[in-house]
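Notes follow the structure.
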Amino acid sequence: MSPAPGGPRRPGAARGTPATRGRGAAPRPGPGRPKPAARKRAPRRTASFHFRFKAGRLVMLGALGLALLQLIWIQGVQAPQLSAESASQRTTTLVLPAMRGTIEDASGKPLAYTLEAKALTFQPIRVRKELQAAWEKSQQDKSQQAQNTAATAQPVVPKPEDRIKEIAKGIHDVLGDAAPEQDLLDKMNSKTTFVYLVRNVDPAKATQITDKFDEVGAERQDIREYPGGSLAANIVGATGWDGHGLIGMESSMDSTLAGTNGSRTYDRGSDGAVIPGSVRDVQPAINGSTVQLTIDSDLQYYVQQQVQEAKNKSGAKDVSAVVMDSKTGEVMAMANDDTFNPANGLADISNKGAELGDLPVTTPFEPGSVNKIVTAAAAIQYGVTTPEEVLQVPGEYYMDGLKIHDDWSHGVAPYTTTGVFAKSSNIGTLMLAKRVGMQRYDDLLKKFGIGQRTGIGLPGESAGYVPPFDQWQHGTFANVPIGQGLSMTLLQMTGMYQAIANNGLRIPPRIVKDVIAPDGSKTTPPAPEGVQVVSPQTATTVRDMFRSIVQNDGWNQRGTGVAAAVTGYQIAGKTGTAQQFNQACHCYYQSKYWINFAGIAPADNPRFVVGIMMDAPDRSSDGSGGQSAAPLFHNIAAWLLQRDQVPLSPPAPKMLLEAD
């Protein structure tokens, strides 16, 4: 048998497979078999790829590390601080305002008290923006509703300007003239973030408005009421916009009247609502105390009326009056003209040009002959004369090199010591003062309280002026005893006569009777310590001597203050006339005077002391000729004695003023 073509097969070789084909070799393509695809080679990883991979991994690890550190910082180190900041953002402390105390007169009638009120507030920019957004949204909803007939009808939202007008009209309808519509519109259309629409609104009316108009807010704003208007305004004073005192007792007693505000702390949510159970640290407000004055409202009203009338009739620049209780030193009335009305506010046009001060306390003046009571008291106290001694008073007198004369021409006049003061002789007064001596005279001035503040507790009190004794120069002792060269307030001047009325015991004046705490407990300020100026016997003698001032028994036996007399009562007092000092020439005016009067009613059993000051009047206080404050004293004293039904005085003997 012949071998197959191609020669003998290798043992184990497959049929049809060439003997040269080794294991693992690719099969050759045969008839009808597809050609296999070429194998792809794997890409080679370069050094750049490895660097980017490592760098990315490091960056990711770094970021994770920073995040971890930040988490530790926030959750650990900053946790207390962040917690506190979060709490502070939701924590609110609300001030609980204290109610200001009342000021009352001696009988408990209110002179000033506080009513709780509201101030209507508005945020123009924010509210208009919200109104505009609400209106635009309503227009979109309206458009959608038109396309979808099955949609629920939406409430009509007015245009912002229409809503503003609606709010203004609504407030005006409730408050009337206190809230003019145009003023409200101007404020609500302003470019500010916050405005007060109306102040001093009754709480009930404020609630009515805020319930109807959500856009309007309300803040508590107390109203200080002065039911008497200008009654005792110069004493009571007034408060400012913040409720604290500006002048008068409102200022000097502010800490007592104001009380102490309280507080309440709570947390609130993002909607502004109080989070239930978060209220804490509640400190109740402590309301102010009531201050009761020694002022008698009825008397104060009458004195103010008389003072104003006296100014109008006399043409004086100013007129003031003080009424004191002769035994206690309590001020019963104290008034000056042209006072203000605190109920209208100090800036109100009705108070333009009004006197805001308390002239009897703040404004010193040279007292003139009213000061001669010091010489009279000293002369009797030290025994250098008697009421009946007849002094030969010359028409001219030289003292410390100065030429002294009386206000009327006369030769040597035989005036009694009583007559010297009844006729207000400067020469006779200096003759007696010279007997007393400068040192003893100065000592008595101090005991009378001249040159010292009374301590009454009213703001702006003046001490007046008395030259220090070691500075008394040439002519000082020739002026001071007749009321020139020193100054005093009307309150001090009235206090001098209170000492004589009270048997020589001067009680510093006071005007605060009691302080009543919110719980009703009453505190009476300690009574001022009295000063025994002269003996009771001296005071009685001087009171009797000074009855001569109102005596009207013929020309030679007539005093200078006859118009002060009150029928049926013994009256003791003294007129005063002092030239005013001209700062321009450092000399005294020849036509401008302080006209004064101080008196005791009744003199036999003193109840009241009245002091009066008139600044540069053209006529007397009643409009009659001359320049005298005696008629004003008469009116006040007569009214008081009649109102209080003071028993009539026993008949008193006439006094000899000028010997034959």
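Only residues that are open to solvent by 30 Å² or more (accessible area, probe 1.4 Å), hydrophobic (A, V, I, L, M, F, W, C) and outside any loop (DSSP other than H, G, I, E, B): list them for the range 247-266, please.
247 - this is the single residue of the range 247-266 that is open to solvent by 30 Å² or more (accessible area, probe 1.4 Å), hydrophobic (A, V, I, L, M, F, W, C) and outside any loop (DSSP other than H, G, I, E, B).
State yes or no: is residue 177 farther than 30 Å from residue 95 by Cα and at pLDDT 90 or above? Steps first, answer last, please.
Working: farther than 30 Å from residue 95 by Cα: yes; at pLDDT 90 or above: yes.
Yes; evaluated as a whole, the condition is true for this residue.
Mind telling me which of the residues 357, 419, 353 ends up being of a type in the set (Gly, Ala, Ser), touching a helix residue (DSSP H, G or I) at 6+ places or on another chain (Cβ under 8 Å) and closer than 23 Å to residue 306 by Cα?
Working: 419 fails: closer than 23 Å to residue 306 by Cα; 353 fails: touching a helix residue (DSSP H, G or I) at 6+ places or on another chain (Cβ under 8 Å).
Just a single option satisfies the conditions, and that option is 357.
Count, please, the residues in the range 401-414 that happen to be more than 18 Å from residue 555 (Cβ to Cβ) and open to solvent by 70 Å² or more (accessible area, probe 1.4 Å). So that I can check it myself, show each step before the final result.
Taking the range 401-414 and keeping what is more than 18 Å from residue 555 (Cβ to Cβ), we get 401-405.
Subsequent filtering for residues that are open to solvent by 70 Å² or more (accessible area, probe 1.4 Å) retains 403, 405.
Within the range 401-414, residues that are more than 18 Å from residue 555 (Cβ to Cβ) and open to solvent by 70 Å² or more (accessible area, probe 1.4 Å) number 2.
Condition check ((1) farther than 21 Å from residue 251 by Cα; (2) touching a helix residue (DSSP H, G or I) at 6+ places or on another chain (Cβ under 6 Å)) across all residues:
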position: 288; (1), (2): no, yes
position: 295; (1), (2): no, no
position: 301; (1), (2): yes, no
position: 316; (1), (2): yes, no
position: 327; (1), (2): yes, no
position: 339; (1), (2): no, yes
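Which residue pairs have Cβ atoms under 6 Å apart, sit 6 or more places apart or on different chains, and have a first residue in the range 226-248 that is free of Cβ contacts under 8 Å to residues at least 60 places away in the same chain and a second that is buried (at least 24 other Cβ atoms within 10 Å of the Cβ) and part of a strand (DSSP E or B)?
Listed by first residue and then by second, the contacts come to 245/239.
Among the residues of the range 503-515, are any open to solvent by 30 Å² or more (accessible area, probe 1.4 Å) and either within 20 Å of residue 613 (Cβ to Cβ) or assigned to a helix (DSSP H, G or I) (or both)?
Yes, the range 503-515 contains at least one residue that is open to solvent by 30 Å² or more (accessible area, probe 1.4 Å) and either within 20 Å of residue 613 (Cβ to Cβ) or assigned to a helix (DSSP H, G or I) (or both).
If the requirement is being in a loop (DSSP other than H, G, I, E, B) and over 13 Å from residue 634 (Cβ atoms), which of these qualifies: 622, 618?
Values: 622 fails: over 13 Å from residue 634 (Cβ atoms).
Result of the check over 622, 618: 618.
Within the range 219-246, which residues are closer than 23 Å to residue 286 by Cα and not in a loop (DSSP other than H, G, I, E, B)?
Within the range 219-246, 219, 220, 223, 224, 225, 236, 238, 239, 245, 246 meet the criteria.
Please work out which residue is farthest from the chain's Cα centre (by Cα), limiting yourself to the range 327-343 and to residues that are crowded, with 24+ Cβ neighbours inside 10 Å and among the polar types (S, T, N, Q).
The extreme case among them is 336.
Within the range 267-276, can one find any residue that is in contact (Cβ under 8 Å) with a residue 24 or more places away in the chain, more than 30 Å from residue 624 (Cα to Cα), more than 28 Å from the chain's Cα centre (by Cα) and not in a loop (DSSP other than H, G, I, E, B)? Step through it out loud before you land on a result.
Just the residues of the range 267-276 that are in contact (Cβ under 8 Å) with a residue 24 or more places away in the chain, to begin with: 267-269, 275.
This time we only want the ones that are more than 30 Å from residue 624 (Cα to Cα), so: 267-269, 275.
Retained after the next criterion (residues that are more than 28 Å from the chain's Cα centre (by Cα)): 267-269, 275.
Going one step further and asking which of them are not in a loop (DSSP other than H, G, I, E, B), we end up with 267-268.
Among the residues of the range 267-276, at least one is in contact (Cβ under 8 Å) with a residue 24 or more places away in the chain, more than 30 Å from residue 624 (Cα to Cα), more than 28 Å from the chain's Cα centre (by Cα) and not in a loop (DSSP other than H, G, I, E, B), which makes the answer yes.
Among strands (runs of 3 or more DSSP E) lying entirely in the range 25-131, which contain 1 or more residues that are at pLDDT 90 or above and open to solvent by 60 Å² or more (accessible area, probe 1.4 Å)? If you could, list the steps in order and put the result at the bottom.
Values: elements: 91-96, 110-115, 118-122.
Hits in the range 25-131: 110-115.
Being within 30 Å of residue 258 (Cβ to Cβ), among the acidic types (Asp, Glu) and outside any strand (DSSP E or B) is the filter here, so list the residues in the range 277-318 that pass it. Before the answer, list the steps.
The first filter runs over the range 277-318 and keeps only residues within 30 Å of residue 258 (Cβ to Cβ), leaving 278-301, 303-304.
Now drop any that are not among the acidic types (Asp, Glu), which leaves 281, 296, 298.
Of everything in the range 277-318, those that are within 30 Å of residue 258 (Cβ to Cβ), among the acidic types (Asp, Glu) and outside any strand (DSSP E or B) turn out to be 296, 298.
The values are calculated or read from the model by the stated rules, or taken from the named source; none is laboratory data. Remember, it's a predicted structure, so these values are computed and weren't measured experimentally. Cβ atoms come from the backbone with ideal geometry, glycine included; neighbour counts cover every protein chain shown. Areas reflect the complete protein model, heavy atoms only, side chains present, ligands, DNA and RNA absent. Shrake-Rupley method; radii C 1.70, N 1.55, O 1.52, S 1.80 Å.
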